[in-house]
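Report on one structure; see the data block that follows.
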Amino acid sequence: MLSMSSEKTQNFESEDTNDVSEDRALNVDFAALQAELNEANQRAEAEREAHLRARADFQNYKRRTDEERESLRAYVAEDILKKLLPVVDNFERALAAAVETRDYDKLIGGVNATYRQMQEFLSREGVTLIEALYQPFDPNVHNAVLREETDEYPENTVIEELQKGYTLSGKALRPTMVKVSAGME
């Protein structure tokens, strides 16, 4: 009997030792996992802060570029308006001369001179007239508002300019408003 009880005691001691070993292993694993979790949390927090900084930097960049764009727009508008003021002055002179003299020919002469000055200004700024009359219809530079049945012109030919169009650096600033020919039905 004694031997049996000593066997049981050894088994219990062996089981206790195994439990302690398992507890130590679990504690070691738990500590390693806790360290990994803390490290992952720190990395996540650093990434979150970096994201917030990048977002704030982008918002500041966007605000600055919007302000610069608005400043540039104002500068360009100011430059163009300053260049237009002499044209306005000449219109005023032409009208004043016409009122003083009641001379229709002087009024026409003054208005024509001012019109030429305006055309020169537009040309210097890179604005060109779109040649539309009797040209094939091009939706990139023409705005067709009327169609007329006719056999005088090929189909889809501009047969009348209702409002002049202009380009700026090759891009339609304002399309020419036109009447286009349609085939006879």
Would you confirm whether or not segment 109-127 contains a residue that is touching a residue at least 12 places away in the same chain (Cβ under 8 Å), closer than 30 Å to VAL180 by Cβ and in contact with a strand residue (DSSP E or B) (Cβ under 7 Å, 6 or more places away or on another chain)?
yes
Which of (1) among the charged types (D, E, K, R); (2) surrounded by 14 or more Cβ atoms within 10 Å (Cβ to Cβ); (3) at pLDDT below 95 does GLU161 not meet, given it meets every other one?
(3)
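Okay, residues lined up against (1) modelled with pLDDT under 90; (2) within 30 Å of GLU152 (Cβ to Cβ); (3) of a type in the set (Ser, Thr, Tyr):
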position	(1), (2), (3)
LYS83	yes, no, no
ARG93	yes, no, no
ALA97	yes, no, no
ARG102	yes, no, no
LEU107	yes, no, no
TYR115	no, no, yes
GLU120	no, no, no
SER123	no, no, yes
ALA132	no, yes, no
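Among the residues of segment 127-177, which ones are polar (S, T, N, Q) and at negative phi?
Initial filter on segment 127-177 (polar (S, T, N, Q)): 128, 135, 140, 143, 150, 156-157, 163, 167, 169, 176.
Once the filter is applied, which keeps residues that are polar (S, T, N, Q) and at negative phi, segment 127-177 yields THR128, GLN135, ASN140, ASN143, THR150, THR157, GLN163, THR167, THR176.
Is it the case that VAL141 is in contact with a strand residue (DSSP E or B) (Cβ under 7 Å, 6 or more places away or on another chain), more than 30 Å from GLN117 (Cα to Cα) and surrounded by 15 or more Cβ atoms within 10 Å (Cβ to Cβ)? Full working, then the answer.
Working: in contact with a strand residue (DSSP E or B) (Cβ under 7 Å, 6 or more places away or on another chain): yes; more than 30 Å from GLN117 (Cα to Cα): no; surrounded by 15 or more Cβ atoms within 10 Å (Cβ to Cβ): yes.
Judged against the criteria, VAL141 is not a match.
For segment 67-185, which fully contained strands (runs of 3 or more DSSP E) count at least 3 residues that are charged (D, E, K, R)? Lay out the reasoning, then the answer.
Working: elements: 127-129, 142-149, 158-163, 166-168, 171-174, 176-182.
By residue number, 142-149.
Residues checked against (1) within 28 Å of GLU161 (Cα to Cα); (2) under 28 Å from the mean Cα position of the chain (by Cα):
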site	(1), (2)
ARG48	no, no
ALA56	no, yes
TYR75	no, yes
LEU95	no, no
GLY110	yes, no
ARG124	yes, yes
VAL141	yes, yes
Do we have TYR61 as at pLDDT 90 or above and either of a type outside the set (Val, Ile, Thr) or surrounded by fewer than 10 Cβ atoms within 10 Å (Cβ to Cβ) (or both) here?
yes
Contact list, first residue from segment 165-177 and within 15 Å of GLN119 (Cα to Cα), second anywhere and modelled with pLDDT under 90 and aromatic (Phe, Trp, Tyr), beta-carbon distance below 9 Å, six or more apart or interchain, is none
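The values are calculated or read from the model by the stated rules, or taken from the named source; none is laboratory data. Remember, predicted model here, so these are calculated numbers, not experimental data. A quick note on method: Cβ atoms are made from the backbone with ideal geometry, for glycine too, and the neighbour counts reach across all protein chains shown.
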